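Take a look at the structure set out below.
The values are calculated or read from the model by the stated rules, or taken from the named source; none is laboratory data. Everything quoted here is computed from the prediction, not taken from an experiment. Quick reminder, even Gly has a Cβ in these numbers, built from the backbone with ideal geometry, and neighbours come from all protein chains shown. Accessible surface is based on the protein model in full, side chains and every heavy atom, while ligands, DNA and RNA are left aside. Shrake-Rupley method; radii C 1.70, N 1.55, O 1.52, S 1.80 Å.
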Amino acid sequence: MSTAVNQSVHATRAAGHISLSGFLGGQVAPLDVLPLLFSQAQIRGIAVGHRRAFLQMNEFIEKQGIEPVIDTVYGFEDARKAYEHLARGAFGKIVIRVAD
């Protein structure tokens with residue numbers, strides 16, 4: 001049976017990057033090493049805090065009224081334009097709306 005990690009390896013382009021955060025299914029996963037070596041993909045872990053810290057952070061953000069700076073919102077059909085805008089540089093977030 002293929003694990004999510006192996007599925008990610010197969011779905012990643014050559015020399016691509018796979019980021020892992022959280023292990024809800026456990027801390028051990030079988031890895032098919034050969035496809036990883038052939039693709040030259042990189043797997044990196046992302047350390048995240050515990051749930052209590054996440055909830056405390058969200059409470060602080062809400063109490064302080066902190067909101068993200070949004071430069072431009074693009075519709076899904078204009079996703080290419082959004083990425084071009086991102087490549088030129090932006091002050092704030094570039095948003096691609098996927099649903100209304």
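Quick one: dipole size for the chain, taken about the Cα centre, charges +1 on Lys/Arg Cβ and -1 on Asp/Glu Cβ, in debye to the nearest 20.
220
Using only Cα atoms, find the angle between the long axis of helix 79-88 and the longest principal axis of the chain, and express it within 0 to 90 degrees, rounded to the nearest 10.
So the inclination is approximately 80 degrees.
Per DSSP helix of 4 or more residues, -39500 (n - 2.57); summed, then divided by the residues of the chain. What does that give at 222 nm, rounded to the nearest 500? Each step should come with its number before you reach the end.
Numbers: 4 runs with 39 residues, N = 100.
The per-residue figure over the chain is -11500 deg cm²/dmol.
On a 0 to 90° scale, report how tilted helix 51-64 is relative to the longest principal axis of the chain, with both axes built from alpha carbons and the result rounded to the nearest 10.
That works out to roughly 10 degrees.
Ranked highest first by the average count of other Cβ atoms within 10 Å around their residues, in what order do 4-17, 65-78 fall?
4-17, 65-78
Counting only protein heavy atoms and a 1.4 Å probe, tell me what percentage of region 12-91's accessible area is made up of carbon and sulfur.
Heavy-atom surface of region 12-91 belonging to carbon and sulfur, 1.4 Å probe: 58 percent.
If each residue of separation counts as 0.36 nm, what is the full-extension length gain between A29 and I61 once their alpha-carbon separation is subtracted?
Details: separation 32, 0.36 × 32 = 11.52 nm, distance 3.51 nm.
My answer for the length gained is 8.0 nm.
When Lys and Arg each count +1 and Asp and Glu each count -1, what net charge do the other residues less than 13 Å away from E77, Cβ to Cβ, add up to?
With Lys, Arg at +1 and Asp, Glu at -1, the neighbours total +1.
Based on the alpha-carbon gyration tensor of the chain and its eigenvalue square roots a ≥ b ≥ c, which shape applies: rounded if a/c is under 1.5, prolate if not and a/b is larger than b/c, or oblate? Let's see the in-between values first.
Values: a/c = 2.68, a/b = 1.33, b/c = 2.02.
Oblate shape, in that a/c is at least 1.5 and b/c is the bigger or equal ratio.
Per residue, how much accessible area does the chain show when a 1.4 Å probe rolls over the protein heavy atoms, in square angstrom? Working shown, then result.
Numbers: 8550 Å² over 100 residues.
Dividing the accessible area of the chain by its residue count gives 86 Å².
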